[in-house]
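These notes are about the structure you will find just below.
The values are calculated or read from the model by the stated rules, or taken from the named source; none is laboratory data. Being a predicted model, the structure only gives us computed values, none of them experimental. Counting neighbours? That spans all protein chains shown, and the Cβs are built from the backbone with ideal geometry, glycine included. Heads up: the accessible areas ignore ligands, DNA and RNA and are worked out on the full protein's heavy atoms, side chains in. Shrake-Rupley method; radii C 1.70, N 1.55, O 1.52, S 1.80 Å.
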Amino acid sequence: MPVYKAPVEDVMFLLNDVFPIERYNNLPGFADATPDTVEAILGEGAKLCEEVFAPLNLSGDQEGCTRHPDGSVTTPKGFRQAYEAYAAGGWMGLAAPEEYGGQGLPSALNTIMQEFVSSANLALGMYPGLTQGAIAALLVHGSDEIKKTYLPKMVEGVWTGTMNLTEPHCGTDLGLLKTKAVPNPDGSYAITGTKIFISAGEHDMAENIVHLVLARIEGAPAGTKGISLFVVPKVLVNRDGSLGERNGVSCGSLEHKMGIHGNATCVMNYDGAKGWLIGEANRGLNAMFVMMNEARLAVGVQGLAQSEVAYQNAVAYAKDRLQGRSLTGPKFPDKPADPIIVHPDVRRTLLSIKAFNEAARALVVWTALKSDVAHRSSDEAERQQADDHMGLMTPVVKGVLTDLGFDMAVRAQQMFGGHGYIEEWGMSQFVRDARITMIYEGANGIQAMDLVGRKLGKDGGRAIMGFFNEVGAFCQENAGDESLKGFVEPLQQGLGHLQQATMWFMQNAMAKPDNAGAGATDYMHLFGLVAMGYMWAKMAKAAQARKADGNGVAERMDAKILTGRFYMERMMPETGLRLARISTGADATMAMPAEMF
Ligand SMILES: Cc1cc2nc3c(=O)[nH]c(=O)nc-3n(C[C@H](O)[C@H](O)[C@H](O)COP(=O)(O)OP(=O)(O)OC[C@H]3O[C@@H](n4cnc5c(N)ncnc54)[C@H](O)[C@@H]3O)c2cc1C
């Protein structure tokens, strides 16, 4: 049975020493989030994930979901009770506004909890995860009446939420969508069409399911400018808030898929279902973007989460599995062989994963705190700066953390040799589950295009310049610190590569957009390498300061610094390779006609 321990200590290092949470005291909800309270909350969350969610991961994968002839869906054994424990613990509304029954705590805490939940059981965690995304969209774009009708039940967790974008003929290109909405005399709309791949579209965990659905109002313009967003409940809600008749929406079938078997991926048939407009007509994509941006960050976290749990199991195995002898002579001469963790290639693999996980977690925490600033600060300049950060970092967190999350899960699986390929060890599941994170919420090639095509040039490049300035200022401030030389110099070099790549796009991609398209994925990864390098430099600085305090954490801080050193020496140099690829342009990529493939 695979093991999982939530990395609470590592998170607390980030919140105490790297991005001290106390600095955010001026924001609503943060006054109650003292370090001790945060540690206690995360400790409780860790317990739920380790003791309730994780033990159901393997069995949920093996059992999967079942659709019955009446269209109802049963989730794997234990999922409903685990979900109920999550809802009863108040986790759904951890960061939701108090007026709707939430606790109003920092959304950063929720993001951190999402990592624990997704490591413990990705398929199960998607049910509440999607609900939280739907809550966010309704909070921003729902009318008062819609908010009053749906939010308290969703925050309580007795109703769940979904997002319905994809149709058989369109996923990336939503301008093609056909689901139609016809106005009813009572102000509602009749929604008709087929949505596919809808996660948590039908299940047995909640009394009601609140679908957020993109559709085209009859007569609306073609393309993305004619798309509207609707709330379509599975069961209609009476005026007094009680549940009424069943709505005209049902699950037509379940997809048989590579991973996340415990999550019901549904074909949803809308047959004149009653729906209510959210936000303005024809501005539905805009409203849905609130949910999509939340979900993109959450999916990035899912990538990290699969890498983390796979790593924990790979380390345990590498310390236990006896094969061969150390190149420098036996380390355990009393045993028939040394544990495989003595071998440099095994250590290289494990350190790559560890270095990615810890930097990715720092990037997530940093970004999640920025999200709180963007949504809660009363200072306009501070809000704008945080908003710039979010725009720039969302595709990076989604694209890089899921590409690498999958890659790292595969590396962790490799540590098990042939046993990694056998289902009962659980490593195969981590790899299979991680794979979807690169695809949904906008496939990663689309994230890269979003970064290069939209985010770089937005507001005259204000966001990217802000990032360059911040990292550059850190390098300058710490240039004289001998103990940080191994961090600052490679970071400075990586930043230089990123600046050159950005400049190259400015000079070569305007007139020839294929140059941007062909280099976008390399650019996104180059950005990720530098952002994570910056995280390592900040963590190394904080770890050194903490170690100097001498309060019994020296060994942990040494491990931090050594892991960071590995990142800087063995992973950061990839920035040069990425820049070299980008600078060759699109010619080699585009020269071959399609028929020659
Ligand atoms: C298990 C699972 C769960 C899902 N859950 C949901 C859900 O809850 N709600 C929902 O609405 N959807 C959901 N999806 C759908 C998912 O978001 C889409 O599959 C995804 O957005 C890609 O769309 P597509 O499959 O139509 O691929 P396509 O859009 O056909 O793309 C195919 C490939 O072409 C590339 N491509 C397309 N256009 C471009 C371009 N302009 N430039 C560069 N590359 C391009 C893409 O990157 C991709 O690699 C889910 C899918 C799965 C498999």
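With contacts taken as Cα pairs under 8 Å and at least 6 residues apart, the range 8-150 reaches a relative contact order of 21 percent. Summing Cβ point charges (Lys, Arg +1; Asp, Glu -1) relative to the Cα centre of the chain gives a dipole of roughly 1000 debye. Averaged over its residues, the range 224-339 has an accessible area of 43 Å² per residue, based on protein heavy atoms and a 1.4 Å probe. Using the Karplus relation 6.51 cos²θ - 1.76 cosθ + 1.60 with θ = phi - 60°, the per-residue 3J(HN,Hα) values for the range 129-138 come to x, 5, 4, 5, x, 5, 4, 4, 5, 5 Hz, with x marking Gly and Pro.
For Leu350, the accessible area of its heavy atoms, probed at 1.4 Å with every protein chain present, is near 10 square angstrom.
The GluC sites (Glu not before Pro) of the range 236-341 that meet both conditions, a loop assignment by DSSP and at most 16 other Cβ atoms within 10 Å of the site Cβ, are Glu255, Glu280. If you take every residue apart from Gln323 with its C-beta less than 15 Å away from the C-beta of Gln323, what net charge results, scoring Lys and Arg +1 and Asp and Glu -1? Result for the local shell: +3. Would you mind pulling out the separation of the Cα centroids of the range 83-111 and the range 398-421, in Å? Rounded to whole Å, the Cα centres lie 31 Å apart.
Solvent-free Debye calculation, one equal scatterer per alpha-carbon of the chain: log10 I(q)/I(0) at 0.05, 0.06, 0.09 Å⁻¹ equals -0.22, -0.31, -0.72.
Does the range 89-132 come out rounded, prolate or oblate, given a ≥ b ≥ c as the square roots of the eigenvalues of its C-alpha gyration tensor, rounded meaning a/c under 1.5 and, failing that, prolate meaning a/b above b/c? Here the range 89-132 falls in the prolate category. Bridges between two residues of the chain, per DSSP, are antiparallel at a rate of about 80%. Projecting label points 7 angstrom from Cα along Cα→Cβ for Ala337 and Glu145 puts them 7.1 nm apart. Evaluate E = 1/(1 + (r/R0)^6) for Lys512 and Glu470, where r is the Cβ-Cβ distance and R0 equals 25 Å; express this FRET efficiency to the nearest 0.05. So the FRET efficiency works out to roughly 0.25.
Quick one: pull the percent of accessible area on the chain belonging to carbon and sulfur, 1.4 Å probe, ligands and nucleic acids left out. Its accessible area is 53 percent carbon and sulfur atoms. For Ala40 and Arg325, a Förster radius of 41 Å and the Cβ-Cβ distance give a FRET efficiency of 0.35, rounded to the nearest 0.05. Normalising the average separation of contacting C-alpha pairs (under 8 angstrom, six or more residues apart) by the number of residues puts the relative contact order of the range 497-591 at 46 percent. Which shape class applies to the range 8-150: rounded if a/c is under 1.5, otherwise prolate when a/b exceeds b/c and oblate if not, where a ≥ b ≥ c are the square roots of the Cα gyration tensor eigenvalues? In terms of gyration-tensor shape, oblate. The aspartates and glutamates whose alpha-carbon is closer than 14 Å to the alpha-carbon of Lys5, local same-chain residues fewer than 8 away aside, are Glu44, Glu50, Glu51, Glu115, Glu308. Extension gain, His419 to Lys225, is 64.7 nm, computed as 0.36 nm per intervening residue step minus the present C-alpha separation.
Restricting to Cα pairs below 8 Å that are 6+ residues apart, what does the relative contact order work out to for the chain? Please round to a whole percent. Reported as a whole number, the value is 13 percent. Under the shape rule built on the C-alpha gyration tensor, where the axes satisfy a ≥ b ≥ c, the range 160-283 is oblate, since a/c reaches at least 1.5 while a/b does not exceed b/c.
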